[in-house]
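Have a look at the structure below, then the notes.
The values are calculated or read from the model by the stated rules, or taken from the named source; none is laboratory data. In this text, all values refer to a predicted model and were calculated from it rather than measured experimentally. Here the Cβ positions follow ideal geometry from the backbone for every residue, glycine too, while neighbour counts run over all protein chains shown. For the accessible areas, the whole protein counts, side chains as well, though only heavy atoms, and no ligand, DNA or RNA atoms are used. Shrake-Rupley method; radii C 1.70, N 1.55, O 1.52, S 1.80 Å.
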Amino acid sequence: MNITILRYDSIDSTNTEALKQARQGADEGLCIVAREQTAGRGRHGRTWVSEKDTGLYFSIVLRPKVKAEFIPLITLMAGVAVHDTLQELGINPDIKWVNDILVGERKISGILAEATETPTGVAVVVGIGVNVNPSASAPETATSIQENVPVPAFESIQNLLIKFLSYFYNVFNTDSAQIIEEWRRRSTYFAGKGVQVRLENKAIIGTTDGLEMNGALRIRSANGDVT
């Protein structure tokens, strides 16, 4: 995958810009990187705190070569890449299904994958936010690289992330099922973890019981039923 980086001092959302570029025909490997986001977002429309120079705000355009049912595994693939990036920096992270990277149960990174139709087929933009320095407006449930290890240059973090994303994206395109195994090895949430998952009209309480082939989380309730 050839990497091209477009840098912005400030932008509304790296994902929004990457989606626009993808619809205009941008090649796979285009990365949008910003020092600040004025309208950063996470899953379900949540706000992602994106103050200037407190985080790595990064989105990459991908054009996956897998069957449509396996595209959701891209979020898991990105989680594995972020996990290994942080591990390389000396941090001991965990991956919470589906898109959070934790350190000591506090969130250090989030992932947002969004698909869009383009003239050359489906593109998926993977947005990654990594808390690098503490932010005054971040919730108490958040942490940062600086709170765990000495902070390297932003570009070093970015280059590590690109290295691991490129590697695991190749794994994903070659054998998408392997991503589930890679995720399992890095996440305490794969099985045996007590969780509460909120669906549209109800909450499910139980214990994690592995992943489906498309990356969906299985939950075993107290009565033994698996959802």
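Alpha-carbon geometry of region 180-221: the Rg and the Dmax are 10.5, 32 Å, given in that order. So if I take the centroid of the Cα atoms in region 153-212 and the same for region 1-39, what is the distance between those two points in Å? Comparing the Cα centres of region 153-212 and region 1-39, I get a distance of 23 Å. Its Kirkwood hydrodynamic radius, worked out from the mean inverse distance over all distinct Cα pairs, puts region 99-220 at 16.9 Å. Among beta bridges from DSSP that stay inside the chain, the antiparallel ones total about 85%.
Just need the Rg to Rh number for region 112-174, please, alpha carbons only, Kirkwood Rh. Don't skip to the answer; put the middle values down first.
Values: Rg = 15.6 Å, Rh = 14.4 Å.
Rg divided by Rh gives 1.08.
Taking all Cα pairs closer than 8 Å and separated by 6 or more residues, the relative contact order of region 1-103 comes to 22 percent. Projecting the Cα atoms of Val125, Ile111, Asn214 onto the dipole axis of the chain, where Lys and Arg carry +1 and Asp and Glu carry -1 at the beta carbon, places Asn214 farthest toward the positive end.
Ranked by the mean number of other Cβ atoms within 10 Å of their residues, highest first, the peptides 128-140, 74-86 come out as 74-86, 128-140. By a 1.4 Å probe calculation restricted to protein chains, Tyr189 has an accessible surface near 20 Å², given to the nearest 10.
Note: region 48-141, Cα convex hull, 107 Å³ per residue.
Which value, in Å to one decimal place, does the Kirkwood hydrodynamic radius take for region 66-108 when every pair of different Cα atoms is included?
Values: mean 1/r = 0.0918 Å⁻¹.
Radius from the Kirkwood sum: 10.9 Å.
A compact globular protein would have a Cα radius of gyration near 2.2 N^0.38 Å; the ratio found for the chain is 0.99.
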